[in-house]
Amino acid sequence: MKFNRNERGFTLIEMMIVLLIISVLILVAIPNVTKHSKSIDDKGCQAYVKMVQGQVEAYKMENKQIPSSVAELSDADYLPEGASCPDGRELVIDGDGKVEVTGNAGEASGT
């Protein structure tokens, strides 16, 4: 067998160093992402509440009345069926037309 000594490639040590660096970066990044998932869910829900509030205003201008529920907006094709926050919390519309989020434990927090 004839070996060509001019061939260049990565050695096992170089490959292991690259894998070590990638592993360290992953170990640093994953906890930061999971730590902020609650904040991400809250921001997504706040944005969805603002969008639904806009749909309530559009319904009010077109029908000259405030919708009594999110289901009423869905029936009138202002929202998709079963509209809720991305994290699963339900939306309610109070008597003044303000959209609020009901928490898992039954608590309400308006935005």
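The figures follow:
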quantity: C-alpha long axis of helix 37-63 to longest principal axis of the chain, angle in °; calculated: 30
quantity: Global form of the range 1-71, assessed from the alpha-carbon gyration tensor, a/c cut-off 1.5; calculated: prolate
quantity: Loop sites in the range 7-111: GluC sites (Glu not before Pro), DSSP, at most 12 other Cβ within 10 Å; calculated: E7, E81, E107
quantity: Length released on extending from I21 to K38, taking residue separation times 0.36 nm less the Cα-Cα span; calculated: 3.3 nm
quantity: Cα gyration tensor shape of the range 39-110, rounded if a/c is under 1.5, else prolate or oblate by comparing a/b with b/c; calculated: prolate
quantity: Nearest-20 debye value, the chain charge dipole, Cβ charges on Lys, Arg, Asp, Glu; calculated: 1020
quantity: Computed [θ] at 222 nm, deg cm²/dmol, the chain (DSSP H ≥ 4; -39,500 (n - 2.57); rounded to nearest 500); calculated: -17500 deg cm²/dmol
quantity: Farthest toward positive dipole pole in the chain [+1 Lys/Arg, -1 Asp/Glu at C-beta], among V92, Q65, A47; calculated: A47
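Read-outs throughout are calculated quantities, based only on the coordinates presented, and are distinct from any laboratory measurement. Please read these numbers as outputs of a predicted model, since none were measured by experiment. A quick note on method: Cβ atoms are made from the backbone with ideal geometry, for glycine too, and the neighbour counts reach across all protein chains shown.
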